[in-house]
1. How about the range 75-131: which strands (runs of 3 or more DSSP E) wholly inside it have at least 1 residues that are touching a residue at least 24 places away in the same chain (Cβ under 8 Å) and not β-branched (Val, Ile, Thr)?
2. Looking only at the range 1-57, which residues are hydroxyl-bearing (Ser, Thr, Tyr) and more than 17 Å from the chain's Cα centre (by Cα)?
3. Take the range 11-58 and flag every residue that is open to solvent by 50 Å² or more (accessible area, probe 1.4 Å) and either at positive phi or assigned to a loop (DSSP other than H, G, I, E, B) (or both).
4. Provide a single number: the residues in the range 77-124 that are more than 20 Å from the chain's Cα centre (by Cα), under 21 Å from residue 22 (Cα atoms) and open to solvent by 70 Å² or more (accessible area, probe 1.4 Å).
5. Examine the range 4-14 for a residue that is at pLDDT 95 or above and of a type in the set (A, V, I, L, M), and state whether such a residue exists.
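The values are calculated or read from the model by the stated rules, or taken from the named source; none is laboratory data. Note that the structure is predicted; figures quoted are calculated from it, not measured. Please note: Cβ atoms are built from the backbone with ideal geometry, for glycine as well, and neighbour counts cover all protein chains shown. Ligands, DNA and RNA are excluded from the accessible area calculation, which covers all protein heavy atoms including side chains. Shrake-Rupley method; radii C 1.70, N 1.55, O 1.52, S 1.80 Å.
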Amino acid sequence: MEVRSTYKYARISPFKAREVTREIQGLPVSAALDLLAFTPKKAAFLIGKTLKSAIANAENNANLKPDGLVVKEAVVGEGPTLKRIMARARGSASRIQKRTSHIRIVLSDEIPIETREKRKAKREQEKKMAKKEIKDEASESAETVAEKKPAKPSTKTKK
């Protein structure tokens, strides 16, 4: 089951917030909270707030345990931009754009939780299989080359 939480009109640029959300996608909830706690950015605090809200939604509304939840999706969309002006030289003005963003986090319990150890073991297994396939292909190509080249009888005669 999927559970979502949205933080609208967050006073941070979407570009800055996306940098943090990319890091937590696909992680278990506990690992994502740890990562956000030790990330020294304003976006980490705002995303952490949204993640905690999504966990609370999962517990209260969907009766799910937070242990089995995974961050399925963490998206930062662009919100409305506040336009301000700043006085410049000779009576002119320049525009300042204060950007806002909408942070949406979707948690799911259907995705299997992958730890580093499992991921590492899976990668090593894939490497072994690739090496084995390369060896098999090399031995097959050597056999076909041997089959294609029949022994030629020597046609040289001595004079």
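1. In the range 75-131, the matching strands (runs of 3 or more DSSP E) lie at 93-98, 101-108.
2. Residues satisfying the conditions are 5, 6, 7, 9, 13, 50, 53.
3. Answer for the range 11-58, where residues must be open to solvent by 50 Å² or more (accessible area, probe 1.4 Å) and either at positive phi or assigned to a loop (DSSP other than H, G, I, E, B) (or both): 11, 25, 38, 40, 41.
4. So the answer is 1.
5. Yes, the range 4-14 contains at least one residue that is at pLDDT 95 or above and of a type in the set (A, V, I, L, M).
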